[in-house]
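**Q** Here you go, one structure.
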Amino acid sequence: SVNWNSYNDYCAVGRNDGIVDIWDSSTLQLVRSFKGHFNRINVLHWNKGFGSPDIFASGSKDSRILIRDMRCREDIIADQKEHSHE
């Protein structure tokens, strides 16, 4: 899964191993990698509703939705297990 942040040049890339990589497309540099899922990432979304371009959601085959804040060392600010399937 790939999702562009409309506020900056960041691109979130969900990997099959459950890691989300954030890339800066202007410098072609890896900004940060996020662990937390145990299976492939199916969906990514930069969440404008929280008022910060640094917050995004990731959903995985492991049935979890993680809300993350790139500004925080402990990036997971919410963990939802509401789904029973991908």
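**Q** Once you place label points 7 Å from the Cα toward the Cβ at Val31 and Asp9, how far apart are they in nm?
**A** So the label points at Val31 and Asp9 sit 1.1 nm apart.
**Q** Using R₀ = 22 Å, calculate the FRET efficiency as 1/(1 + (r/R₀)^6) where r is the Cβ-Cβ separation of Gln80 and Arg40; round to 0.05. Each step should come with its number before you reach the end.
**A** Working: r = 18 Å, r/R0 = 0.80.
With a Förster radius of 22 Å, E is 0.80.
**Q** Residues with beta-carbon under 12 Å from that of Arg71, excluding Arg71: net charge, scoring Lys, Arg +1 and Asp, Glu -1?
**A** Values: positive: Arg32, Arg68, Arg73; negative: Asp54, Asp69, Glu74, Asp75.
Around Arg71, the surrounding residues sum to -1.
Throughout, read-outs are computed from the coordinates displayed, never taken from laboratory work. These figures come from a predicted structure and were not determined experimentally. Neighbour counts are summed over all protein chains in view; Cβ atoms, including those assigned to glycine, are modelled from backbone coordinates with ideal geometry.
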